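Notes follow once the structure below has been shown.
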Amino acid sequence: MLKLRSWQLGASVLAVIFGGVLLTSAFGWWQTESTKEPVKYESGDAAGEYNPVDIRGSYTFGEISALFEIPYEDLAAAFRLPEDADPAVIACKDLEEMYLELANAGTEIGTASVRQFVSFYRGLPYEPDEETFLLRPAAQILKRKAALTEEQLAYLDAHTVDLQASAN
């Protein structure tokens, strides 16, 4: 039977813990913070482009603007962000709170809306897994600046929310 002294056991535990950290760091596997880089399409016309399906609620509008090459001004207007707001501070998940009255009425504006807007704006393929709505300013920007198909235009017409109408 193998007998270990307490100092040997303690040294072994420390060696395993710190050795594991050093080994995973050496191979680039040790990561303590998010890179905030969405996955890219691997095939098709959009190969190499970032996929909007990977936009998470923690992504800020500044990050989305930089990653997807959409002017922040268009994102701010589309989602009626405060004019004096810092794009690096407002996250997609904040939209749900901003438009809580719409969610209470059964029409949510949130991260899925941002994914939909980005995909239409950039002409990227995207199949929402839920019914997704956009604010009227977002629909107007897309109709002006994006090359939309007839199907996308019909989707916009059926899924555009007007804040004034929903407030009544």
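The values are calculated or read from the model by the stated rules, or taken from the named source; none is laboratory data. Bear in mind the structure is a predicted one, so any value in this text is a computation, not a measurement. Positions of Cβ are backbone-derived with ideal geometry, glycine not excepted, and every protein chain shown enters the neighbour counts. Side chains included, ligands, DNA and RNA excluded: accessible areas come from the protein's heavy atoms. Shrake-Rupley method; radii C 1.70, N 1.55, O 1.52, S 1.80 Å.
One table, with the values for the structure above:
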| read-out | value |
| --- | --- |
| Helices (runs of 4 or more DSSP H) contained entirely in the stretch 97-168, each with at least 3 residues that are basic (Lys, Arg) | 136-145 |
| Candidate set: the stretch 107-122, residues that are open to solvent by 30 Å² or more (accessible area, probe 1.4 Å) and in contact (Cβ under 8 Å) with a residue 60 or more places away in the chain; chosen: the one nearest to the chain's Cα centre (by Cα) | Arg115 |
| Residue match in the stretch 33-48 (condition: among the hydroxyl-bearing types (Ser, Thr, Tyr), open to solvent by 80 Å² or more (accessible area, probe 1.4 Å) and either at pLDDT 85 or above or not in a loop (DSSP other than H, G, I, E, B) (or both)) | yes |
| Members of the stretch 61-81 that are open to solvent by less than 30 Å² (accessible area, probe 1.4 Å) and closer than 24 Å to Pro125 by Cβ | Phe61, Ile64, Ser65, Phe68, Ile70, Asp74, Leu75, Ala78, Phe79 |
